[in-house]
Amino acid sequence: MSTPTRTQIAADFSLWGQYVDADATMTRAEFDSMSMAEKLQLQQDAFGAETVGDAHEPATKFFEVSIQPAWSGFGEYQTSAANGEGYEDAEDILAEYDGPGTRYELGVDNLPDDVEDIRGRIHNEPARVFALQHGDGGEGSGVMYFGIVARS
């Protein structure tokens with residue numbers, strides 16, 4: 001396996017811990033609160049300018065994937081394909097959800113009783129998983145799950 005690009009590292013918390021923050025001084029919440037540009041700048045400050053010969057690093061795009069119960073059942077989930085043109089920054093996807101309902105990031109936010117932490121049971125699990133809770137628990141209420149994936 002080849003070494004990931006700095007953009008891939010900046011988009012993935014586990015890669016960040018492996019290549020940049022080996023002492024685990026940064027929390028997931030701190031990582032998620034930083035923009036892509038800030039994470040790239042931290043890497044440049046720490047390791048110097050990235051050189052990739054004459055090749056240009058492909059731009060990383062972020063895609064939303066919906067998460068539904070898997071056809072196989074057994075409490076498992078699956079993601080949809082990452083289609084579309086993608087976004088330059090993951091935060092642009094999250095801005096689409098700043099309307100009705102409450103958004104939670106699984107593994108980061110405290111979840112209410114009716115929002116289940118489904119991480120670990122998702123086929124092709126994205127690095128970031130969210131729940132969007134709408135309604136007040138009555139008829140028409142529900143929870144929708146989605147994730148964010150990075151692709152070069």
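Laboratory data are not the source of any read-out in this text; all were calculated from the coordinates shown. Please read these numbers as outputs of a predicted model, since none were measured by experiment. Reconstructed Cβ throughout: ideal geometry from the backbone, glycine too, with neighbour counts over all protein chains shown.
Using only the alpha carbon atoms of the chain, find the Kirkwood hydrodynamic radius as the inverse mean reciprocal pair distance, in angstroms to one decimal.
Over the chain, the inverse of the mean reciprocal pair distance is 17.0 Å.
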Report the full-extension gain for the segment GLN18 to ASN83: residue separation times 0.36 nm, less the Cα-Cα distance, to one decimal in nm. 20.5 nm
Length gained, SER152-ASP45, 0.36 nm per residue minus C-alpha separation, equals 36.2 nm
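Based only on other Cβ atoms within 10 Å, what is the fewest-to-most ordering of VAL129, VAL115?
Neighbour counts put them in this order, fewest first: VAL115, VAL129.
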For THR25, THR5, THR102, what's the fewest-to-most ordering of other Cβ within 10 Å of each Cβ? THR25, THR102, THR5
For the chain, averaging the sequence separation of alpha carbon pairs under 8 Å that lie six or more residues apart and dividing by its residue count, the contact order in percent is 24 percent
Out of PRO126, PRO100, PRO69, any idea which swings most in a Gaussian network model of the chain, alpha carbons joined below 10 Å? PRO100
Calculate the spin-label point distance for ALA127 paired with ALA70, positioning each point 7 Å from the Cα along the beta-carbon direction, and give it in nanometres. 2.3 nm
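Please work out the FRET efficiency for the pair GLU30 and THR5, using the Cβ-Cβ distance as r and a Förster radius of 30 Å; give the result to the nearest 0.05.
The formula returns an efficiency of 0.90 here.
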Listing PHE62, PHE74 by rising number of other beta-carbon atoms within 10 angstrom, fewest first, gives PHE74, PHE62
How far is helix 36-47 tilted off the main Cα axis of the chain, in degrees rounded to 10, range 0 to 90? 40 degrees
Using all C-alpha to C-alpha distances in region 6-47, build P(r) with 5 Å bins and read off the rounded percent in each one. 5, 27, 39, 26, 2
To the nearest 0.05, the calculated FRET efficiency linking ASP113 and ALA37 through their beta-carbon distance, R0 being 41 Å, is 0.65
What percent does the relative contact order of region 61-151 come to when contacts are Cα pairs within less than 8 Å and at least six residues apart? 36 percent
Assigning unit charges at the beta carbon (Lys, Arg +1; Asp, Glu -1) and nothing else, what dipole magnitude in debye, to the nearest 20, does region 61-151 show about its Cα centre? 400 debye
